[in-house]
Amino acid sequence: MNNITFAHPWLLLGLVAVPLMVAYYIWRYHKQEAALQHSDIDIFTGIGKSLRVRLRWLPYALRVVAVGALVVALARPQSQLSRQQMKVEGIDIVMAMDISGSMLAEDFKPNRLEAAKQVAAEFIDGRKNDRMSLVVFSGEAFTQVPLTVDHRVLLSQLEKVKSGIVRDGTALGDGLATAINRIKDSEAKSKVIILLTDGVNNQGSIDPQSAAEIAALYGIRLYTIGVGSRGKAPYPFRDQFGRIHYQNIDVEIDEALMQQMAEATGDGQYFRATNKKALHEIFSQIDEMEKSKIDVTQYAQTRDEYAPWLWLALLALAAELIVRWIWFKL
């Protein structure tokens, strides 16, 4: 009865007749008197009931079934077949992540890089309809994953990201330029770059502000995120014996430059994350601002389902006539 409706549901009130008919039969059964009275019934001792006697209720039961099925058929049951046609307009997003040595500072737990990877993974996992890419940079930049809808591959490669795989430093301009190169030819109506860093531009051949202006020319929106607590942060280093020691280092983020870069793309925005919770809230905010467009068109088709009930009523009625007027008369 899933997805079943009735064209004339008020006719279902007729089903009240079914329990009334059953009640009437029970009442009549207890009120009936013997058609043949005899002073001594010992002569009938040991005579069992025949099958016809045992099934004397069958014709009336068939009539009850016929009435119930007929009422349902008259109410005209219908099934509704529905389907949805969904048009998803996703967003192309490139995540440019700083993997310089300073990202190992432990003002975030376990450190800035691992905290950024964890939050980014949650962000990626929630963007089912978007193509995404991963660019990493420090003293130089390269593409870890090109634009793809296969988020499993993206998450797998994100997990492998670590500091020290390329020359150290912070080349913001090169990182942004590499990200632009990955998304500039995209036909998506919305193109976004999320650039995350914890330092000051000190490497690379491309000026960060010039890269941001190029992003604006391609209609790319840039969100910049500065990662790091304020003041000093504990940084691990190894001595000549391989033992880990900690040293407090100054947290230096060129916030003015980061804000200028974001604003150069029009609707871009700069965020500052001083802890992992704040970083998570920033990605949630970007997630809300960059919603994929989904157009849903729903189609419904109605089909009459009264035929099986009508056939049941006719068959039950025919069976009652056969049992009552043929089998019981033999």
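Beta bridges assigned by DSSP with both partners in the range 79-169 are antiparallel in approximately 40 percent of cases.
Looking at the chain, the DSSP beta bridges with both ends there are about 50 percent antiparallel.
Using just the Cα positions, wrap the range 158-260 in a convex hull and report its mean projected area in square nanometres, one decimal place.
Details: hull surface 33.5 nm².
Approximately 8.4 nm², given one-decimal rounding.
How many Å² of accessible area per residue for the range 102-194, probe 1.4 Å? Before the final figure, lay out each step's value.
On the way: 3890 Å² over 93 residues.
Per-residue accessible area for the range 102-194 comes out at 42 Å².
For Ile253, the shell of other residues with beta-carbons less than 15 Å away shows a net charge of -3, using +1 for Lys and Arg and -1 for Asp and Glu. For the pair Ile326 and Ile249, label points projected 7 Å from Cα toward Cβ lie 9.8 nm apart.
Of all aspartates and glutamates in the structure, those lying under 18 Å Cα to Cα from Lys232, and not within fewer than 8 positions of it along the same chain, are Glu106, Asp107, Asp198, Asp250, Glu252, Asp254, Glu255.
In order along the range 129-136, the phi-based Karplus estimate (6.51 cos²θ - 1.76 cosθ + 1.60, θ = phi - 60°) of 3J(HN,Hα) comes to 9, 9, 7, 9, 9, 10, 10, 10 Hz; Gly and Pro are listed as x.
The solvent-accessible area of Met21, taken with every protein chain present and a 1.4 Å probe, is close to 40 Å².
Can you tell me how the range 100-190 classifies by the Cα gyration tensor, rounded, prolate or oblate, using a/c under 1.5 as the rounded cut? Verdict is oblate for the range 100-190.
Under 19 Å Cα to Cα from Lys191, which aspartates and glutamates show up? Leave out anything in the same chain fewer than 8 places away. The qualifying aspartates and glutamates are Glu89, Asp92, Asp125, Asp130, Asp150, Asp174, Glu213, Glu263, Asp267, Asp287, Glu288, Glu290. Structural descriptor for the chain: relative contact order 24 percent, calculated from alpha carbon pairs under 8 angstrom and at least 6 residues apart. Just checking the listed ones, Gly169, Gly219, Gly242: in the Gaussian network model of the chain with Cα springs under 10 Å, the one fluctuating most is Gly242.
Could you give the size of the charge dipole of the range 174-330 about its Cα centre, using +1 on the Cβ of each K and R and -1 on the Cβ of each D and E, expressed in debye and rounded to the nearest 20? The partial results should precede the final answer.
Numbers: 17 positive and 21 negative charges, 162 e Å.
It comes to approximately 780 debye.
In order along the range 139-146, the Karplus-derived 3J(HN,Hα) couplings, from 6.51 cos²θ - 1.76 cosθ + 1.60 at θ = phi - 60°, round to x, 9, 10, 8, 8, 7, 9, x Hz, and Gly and Pro are given as x. Using a probe radius of 1.4 angstrom, the carbon and sulfur fraction of the accessible surface of the chain is 55%.
Spin-label model, Lys31 to Glu281: label points 7 Å out along the Cα-to-beta-carbon direction sit 7.9 nm apart. About its Cα centre, the chain has a charge dipole of approximately 2420 debye under the convention of +1 per Lys or Arg Cβ and -1 per Asp or Glu Cβ, with nothing else charged. Note on the range 112-145 and the range 158-218: Cα centroid distance 12 Å, given to the nearest whole angstrom.
At the residue level, His280 shows approximately 80 square angstrom of accessible surface with a 1.4 angstrom probe and all protein chains present.
How much length is gained if the chain between Leu20 and Ala256 is pulled fully straight, taking 0.36 nm per residue apart and subtracting their Cα-Cα distance, in nm to one decimal? Could the numbers behind the result be given before it?
Details: separation 236, 0.36 × 236 = 84.96 nm, distance 8.46 nm.
My answer for the length gained is 76.5 nm.
The values are calculated or read from the model by the stated rules, or taken from the named source; none is laboratory data. Quantities reported herein were computed from a predicted structural model and do not represent experimental measurements. Ideal geometry is used to build each Cβ from the backbone, glycine not excepted, and the neighbour counts take in all protein chains shown. All accessible areas refer to the heavy atoms of the entire protein, side chains included, with ligands and DNA or RNA removed. Shrake-Rupley method; radii C 1.70, N 1.55, O 1.52, S 1.80 Å.
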